[in-house]
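Trainee: Once you've had a glance at the structure underneath, I'll fire off some questions.
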Amino acid sequence: MGDPAGVGPEVLLHALNDPLLRRQIRPIVFGDHDLLSRVAEQFGCDLDFELRQVGQSDPSPGLVGKFTENGGRAQGAYLQAAADAIQASEIDALVTGPIHKRALKVCNMPGPGQTEWLASRFGVERPVMMLLGPSLKVVLATTHLALAKVPQALNKADLVKTITVAQRDLTRLFFPTGPRWAVAALNPHGEVDGEIGAEELNILIPLVEELASKGFCIRGPIAGDTVFALAASGKFDVVLALYHDQGLAALKTLHFSEAVNVTLGLGLIRTAPDHGVAYDIAGRGQADPTSMKQATRLAVEMARKNMFK
């Protein structure tokens with residue numbers, strides 16, 4: 001369900017009340033019955049699905065749009081229960097509602113986000129975050145990392161592992177003959193003479209050369225102000241972005257409402273809407289459920305392909 005005080009409950013209910021989507025799934029929701037009942041009444045939705053009550057988190061209307069420790073503990077409990085269910089093969093795919101990152105700290109759970117927690121929960125060394133929309137797919141080399149720390153966090157060995165993990169799942173899911181990769185440059189204009197920065201010379205060019213020698217269809221580094229336009233026009237299938245906002249700025253410009261977050265490398269299906277808790281509009285009927293619908297539809301497609309069985 002996500003954060004009980006955020007937009008998660010309402011976008012979830014709107015998604016599950018979509019007739020076309022409901023014909024494709026048998027949803028099991030991990031959350032709070034009293035809260036969902038109140039939100040359903042507010043927005044004219046039904047609760048015609050299995051709901052597993054996890055803890056007691058229902059915030060009073062006056063606390064909607066505000067982080068509380070009680071709500072944080074509830075978010076952790078929902079995630080734990082859903083992870084247990086997918087591990088027990090009770091569910092085929094996991095769609096996670098948006099949580100506040102303080103929630104994991106309150107619960108003393110590894111983070112900072114759900115991607116990292118799921119990797120820890122399932123013993124995965126290298127989860128890979130991919131964001132996608134209708135015309136652009138972006139894999140992140142680094143995720144929730146301060147921009148000042150990005151250059152020192154980049155090294156060829158880690159990037160090879162990230163692309164290799166993503167290549168495996170992308171081939172299973174989207175591209176049977178393997179995706180066409182573009183690697184974004186770090187420095188302006190993709191400088192290769194080392195005057196602005198040496199990352200292209202020392203890390204990215206050797207990365208592309210090594211993976212190309214192993215049979216990957218990969219090009220780069222390509223300037224960050226160019227590579228996403230090339231991919232969106234169809235010249236590449238997926239872009240490796242070197243830091244969070246390098247990839248997400250381009251993706252959300254093109255697909256602000258439709259983008260979906262997918263975790264690759266988990267050995268299970270996990271998708272999520274590509275937005276946060278949005279406290280500023282929670283409970284006001286302004287939240288757009290499109291991303292939650294798209295995340296659920298993608299989870300259905302992945303489950304039908306029986307990726308991990």
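Trainee: So what's the angle, to the nearest 10 degrees on a 0 to 90 scale, between helix 290-304 and the longest Cα principal axis of the chain?
Mentor: 80 degrees
Trainee: Post the alpha-carbon centroid distance, segment 1-19 to segment 103-123, in whole angstrom.
Mentor: 22 Å
Trainee: Then there is this: Efficiency by 1/(1 + (r/R0)^6): what FRET value for residue 28 and residue 301, r their Cβ-Cβ distance, R0 = 25 Å, to the nearest 0.05?
Mentor: Efficiency computed from Cβ-Cβ geometry: 0.85.
Trainee: If you don't mind, there's one more thing I want to ask. What does the charge dipole of the chain about its Cα centre add up to, to the nearest 20 debye, if the Cβ of each Lys and Arg holds +1 and the Cβ of each Asp and Glu holds -1? It would help to have the intermediate numbers written out before the result.
Mentor: On the way: 30 positive and 33 negative charges, 136 e Å.
Roughly 660 debye for the chain.
Trainee: Could I ask something else about it? Using a ≥ b ≥ c from the Cα gyration tensor of segment 154-235 (square roots of the eigenvalues), is it rounded, prolate or oblate, where a/c under 1.5 gives rounded and otherwise the larger of a/b and b/c decides, a/b for prolate? Don't skip to the end; give the middle numbers.
Mentor: Details: a/c = 2.46, a/b = 1.44, b/c = 1.71.
Oblate shape, in that a/c is at least 1.5 and b/c is the bigger or equal ratio.
Trainee: Is there a quick way to get the dipole size of segment 87-187? I mean about its Cα centre, with the Cβ of Lys and Arg at +1 and of Asp and Glu at -1; what is the value in debye to the nearest 20?
Mentor: Working: 12 positive and 6 negative charges, 58 e Å.
Computed about the Cα centre, the dipole is about 280 debye.
Trainee: So which residue, out of 72, 215, 197, gets the largest mean-square fluctuation from a GNM of the chain using Cα contacts under 10 Å as springs?
Mentor: Fluctuation is largest for 215.
Trainee: May I pose another question? If you put +1 on each Lys and Arg Cβ and -1 on each Asp and Glu Cβ, how big is the dipole of segment 128-260 around its Cα centre, in Debye rounded to 20? Numbers along the way, then the final one.
Mentor: Details: 11 positive and 13 negative charges, 115 e Å.
Charge dipole of segment 128-260: 560 debye, to the nearest 20.
Trainee: Can I ask one more? Only Cα pairs under 8 Å and at least 6 apart count here; give the relative contact order of segment 128-266 as a rounded whole percent. Working shown, then result.
Mentor: Numbers: 244 pairs, mean separation 57.7, N = 139.
Across segment 128-266, relative contact order equals 42 percent.
Trainee: Among 30, 174, 256, which one moves the most in a GNM of the chain with springs linking Cα atoms closer than 10 Å?
Mentor: Its mean-square fluctuation being the largest, the pick is 174.
Trainee: Hey, another quick one. Just the number, please: percent antiparallel of the DSSP beta bridges in segment 128-260, rounded to the nearest 5. List each step's numbers first, then the result.
Mentor: Values: 4 of 14 bridges.
Close to 30 percent.
Trainee: Given only helices, namely DSSP H runs of n ≥ 4 each adding -39500 (n - 2.57), what is the per-residue ellipticity at 222 nm of the chain, to the nearest 500 deg cm²/dmol?
Mentor: On the way: 12 runs with 120 residues, N = 309.
That calculation yields -11500 deg cm²/dmol at 222 nm.
Trainee: Which of 200, 90, 258 moves the most in a Gaussian network model of the chain with Cα springs under 10 Å?
Mentor: Sorting by GNM fluctuation, first place goes to 90.
Trainee: How high is the FRET efficiency between residue 175 and residue 87 when r is their beta carbon distance and R₀ equals 30 Å, given to the nearest 0.05?
Mentor: Numbers: r = 28 Å, r/R0 = 0.94.
Computed FRET efficiency for residue 175 and residue 87 comes out at 0.60.
Trainee: In the set [x] 15.7; [y] 21.8; [z] 17.6, which value of mean projected area of the Cα convex hull in nm² was calculated from the structure you see?
Mentor: Checked against the structure: label [x].
Trainee: Could you state the angle between the C-alpha long axis of helix 33-43 and the longest principal axis of the C-alpha atoms of the chain, as a value from 0 to 90 degrees rounded to the nearest 10?
Mentor: 80 degrees
Trainee: Can I ask one more? In whole percent, what relative contact order does segment 222-302 give with Cα contacts below 8 Å and a gap of six or more residues?
Mentor: Working: 58 pairs, mean separation 19.1, N = 81.
Relative contact order comes out at 24 percent.
Trainee: Averaging sequence separations of C-alpha pairs under 8 Å and six or more residues apart, then dividing by the length of the chain, give the relative contact order as a whole percent. Provide the component values of the computation, followed by the final result.
Mentor: Numbers: 574 pairs, mean separation 74.6, N = 309.
Once divided by the residue count of the chain, the mean separation gives 24 percent.
The numbers here are math on the coordinates, done by the rules we state, and not lab data. Here the structure is a predicted model, which is why all the values come from computation and not from measurement. Positions of Cβ are backbone-derived with ideal geometry, glycine not excepted, and every protein chain shown enters the neighbour counts.
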